[in-house]
Amino acid sequence: MLMDDEVSIDPWGSSQSTDYSRIIEKFGLSSMDGVSLNSPSRLHRRGVVFAHRDLDMVLSAKKSGDPFGVLTGLMPSGRMHLGHSMVIDQVNWFQQQGGDVTIAVADLESTATRGISLAEGKKIAAEEYVANYAALGLDPEKTTVYFQSERSVVQKLGFQLGKRTNLSELEAIYGFDGSTNLAHVQAPLVQAGDILHPQLDEYGGLRPIVVPVGIDQDPHLRLTRGLASKTNWFNVSDAKMGLQVGVSIQEDNSLIMGVEPSGRVNKERQKEVFAKIVSVIQGLGYSDIMSNPKHGTVNIPSATSNDKGPIRMALLSLERSMGGMGLLAPSSTYHRFAVGMTGDKMSSSKPKTTLFLSDDIATAEKKIKKSFSGGQATIEEHRRLGGDPDKDVAYQYMMYFFEEDDRFLGEINQDYRAGKILAGEMKQMCIERATDWLSNLAEKRDETAHLVDQFFE
Ligand code: TRP
């Protein structure tokens, strides 16, 4: 058992804290509870997607008809299983909301952390993952899949961002130490490159990018958001009254900002910069603006927290026009992990803990029959005491994956607790639905096999 203050997240670890409210608190995530979505997906309705960062940036882009993107990644090692399909469910949902989709094949990470060669990674990505993405309904016209090893701009960005962090920070976030392989140290920087590069002009330009992932990936988002913010020339924060823009003087912008190598301030140049900021803010419709070049700030007393998004976006555009990178910190959503079928963690290296998307029906049936049950030891006891759907793998898998109908699910949940449904009956229901789901997917895989190449173009 982890102690209270030991809630930790290791993206490469073999265990995962499941105290989700503590995770939200410790890492400063926002709960999905307060977020109202127009057409929530199954995973939203059931609280499987439980937390986010800055999702409002994406939702308001959608609302005002502005573009937004979705980026996620896959580690090409082993076979694609049900757990992996949760990210694709979310990507699908964002795609339906109008987002353009980019998917990174983390072949460099896979080499660094799993010992998979680049050639193997390539093969696994296409045959195991993208074949299933097509079958799960991703639209090849609106989805691009690329390899980390082949997109030099991703690596370049990772390298540039490396200047904004150091070993101590990586130690603190990932628990690295002196013996950590350097390829392993590079992997998160490449992932930061993955996450931020869709904003570059040649990949669609400045727009909010949402990264749907399992909660194990949040350390990468913390790192990436920090790196992006450190590059920003203008920071928007809450002030006593309204919002405040702070100018950040950095090595690569000081001349532009009017600070000469001697440290002398070029007042004319500084004035021009502040005039630009004021004009951008006026352009958004604010008239009461207090510019204070001496303090490096511009105040907008009438702006509220809700106005932060548009102001940030406008200032990032300004930064770009002045020669900066203008990177917006990514948004993200997080899903919980479904329990492994044996009751342990789901893992590709332990076939009994999960269903692979290419499992045949007989294999699936066997695994479900043997799965961890929330029932009582005897039928008599089960009728008397009832079962626990929260622990019952068969029920959980219907909830996470196989059953769309919320009402039906509510009913079997109640009936299980009341002892009306037996554990074997629950498993049987799950087997029926898993059978449909898997055979439907296999059929779709055949139908969409010819589309796989299009995802890589
Ligand atoms: N690290 C991810 C994994 O282990 C894969 C990945 C690479 C990724 N780049 C990404 C995920 C960018 C999200 C966003 O599965």
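Read the figures in this text as sums done on the coordinates, not as results from a lab. In this text the structure is predicted, and so the values were computed from the model without any measurement. When we count neighbours, we look across all protein chains shown, and the Cβ atoms used for this are built from the backbone with ideal geometry, even at glycine.
In a fully extended conformation the segment linking GLN250 and THR180 would gain 22.1 nm over its present Cα-Cα distance, using 0.36 nm per residue. Its Cα centre serving as origin, segment 380-446 has a Cβ charge dipole (Lys and Arg +1, Asp and Glu -1) of approximately 160 debye. Helix 152-162 and the long axis of the chain differ in direction by around 70°, with both axes built from C-alpha atoms. Between the Cα long axis of helix 406-417 and the first principal axis of the chain there is an angle of about 50°, rounded to the nearest 10. As a rough guide to protection, the peptides 281-290, 118-127 ranked by mean Cβ packing within 10 Å, highest first, stand as 118-127, 281-290. Each part gets one Cα centre, and for segment 249-284 versus segment 75-137 those centres are 44 Å apart.
Distances over 15 Å make up what percent of all Cα-Cα pairs in segment 244-295? Before the final figure, lay out each step's value.
Details: 629 of 1326 pairs.
Looking at segment 244-295, the distances longer than 15 Å represent 47 percent of pairs.
For the chain, DSSP calls about 55 percent of its internal beta bridges antiparallel.
Against the main long axis of the alpha-carbon atoms of the chain, helix 308-321 sits at an angle near 60°. Mean sequence separation of contacting Cα pairs (under 8 Å, at least six apart), scaled by the length of segment 128-269, corresponds to a relative contact order of 16 percent. Once the dipole of the chain is set up with Lys and Arg at +1 and Asp and Glu at -1 on Cβ about the Cα centre, which of SER64, LEU118, LEU438 lies farthest towards its positive end? Ranked along the dipole, the leading option is SER64. Sorting 167-174, 140-147 by average packing, meaning the other beta carbons within 10 Å per residue, from highest down gives 140-147, 167-174. Distance between the 7 Å Cα→Cβ label points at VAL265 and THR342: 6.5 nm. If you look at the Cα atoms of the chain, you get an Rg and a Dmax of 24.6, 87 Å. The magnitude of the dipole of segment 61-209, with charges of +1 and -1 set on the Cβ of Lys/Arg and Asp/Glu and taken from the Cα centre, is near 140 debye. Segment 390-445 and segment 310-340 have Cα centres spaced 38 Å apart.
Think of the chain as a dipole: +1 on every Lys or Arg Cβ, -1 on every Asp or Glu Cβ, centred on the Cα centre; then among LEU255, GLY158, ILE24, LEU255 lies furthest on the positive end.
Using the rule -39500 (n - 2.57) for each DSSP H run of four or more residues, divided by the residues of the chain, the 222 nm mean residue ellipticity is -13000 deg cm²/dmol.
Relative to the Cα centre, the charge distribution of the chain, modelled as +1 at Lys and Arg Cβ and -1 at Asp and Glu Cβ, gives a dipole magnitude of about 880 debye. A simple spin-label model places pseudo-atoms 7 Å from Cα toward Cβ; at LEU167 and SER39 they are separated by 5.2 nm. The packing ranking of peptides 13-20, 231-238, highest mean first, is 231-238, 13-20, where packing means the average number of other beta carbon atoms within 10 angstrom of each residue.
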